[in-house]
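The next block holds one structure in the form of structure tokens; read it before the comments.
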Amino acid sequence: MSEAENNRVEEDSFEVLDLTELANRGNTLYERVLQNARNFATYQPASQIAIGGTGGLVVGYLFKKVGRVVASAVGGGLLIMQVAHQTGYVTINWRKVNRDANRAQRNLRDEHPAINSTISKVKEVFKSNAAVSVGFAGGFLMGMAT
């Protein structure tokens, strides 16, 4: 192999990043947070509302900032795709798009039962801690407004 080919091979090679350890560590942290959230019922109502309000405020503010960027990117992409479709550059097979989206949704539900488990755990926490939930909702809306 010539030196130019060796350089091209080195430029094309890449390192695989294994995130499983990080993901496992995140799951344990998430489980600990959920476990602690179940204990909020033992706190005073004012403390529950303050905890929920603070969490909601932070999440609402971050959601607003990130949401604005995401909405701009998605909205811009949709506009560009629509213009390309109208001018005939792009033809969209909607039947195939819908079929693939439904298949992906089924695969996500069937292959990742942890998502369903997590959703049910979060629902349980919100149902058992009404004051925290209301505080979170109020804080979230305040965060979105700031």
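Worth a mention:
- FRET efficiency, 1/(1 + (r/R0)^6) with R0 30 Å, evaluated for Leu141 and Arg99 via beta carbons: 0.20
- Comparing Gly75, Tyr89, Val134 along the charge dipole axis of the range 57-146, the residue lying farthest to the positive side is Tyr89, per the Cβ-charge model.
- For the range 47-124, carbon and sulfur atoms together expose 65% of the accessible surface, with a 1.4 angstrom probe and every protein chain in place.
- Applying 1/(1 + (r/R0)^6) with R0 = 41 Å to the Cβ-Cβ distance of Gln82 and Ala46 gives a FRET efficiency near 0.20.
- Sites Asn107 and Val70, calculated FRET efficiency, Cβ-Cβ separation with R0 22 Å, nearest 0.05: 0.40
- Cα gyration tensor shape for the range 58-126, rounded if a/c is under 1.5, else prolate or oblate: oblate
The values are calculated or read from the model by the stated rules, or taken from the named source; none is laboratory data. This is a predicted model, so every value here is computed, not measured. Note that each Cβ is placed from the backbone with ideal geometry, even for glycine, and that neighbours are counted across all protein chains shown. SASA here: full protein model, heavy atoms, side chains in, ligands and nucleic acids out. Shrake-Rupley method; radii C 1.70, N 1.55, O 1.52, S 1.80 Å.
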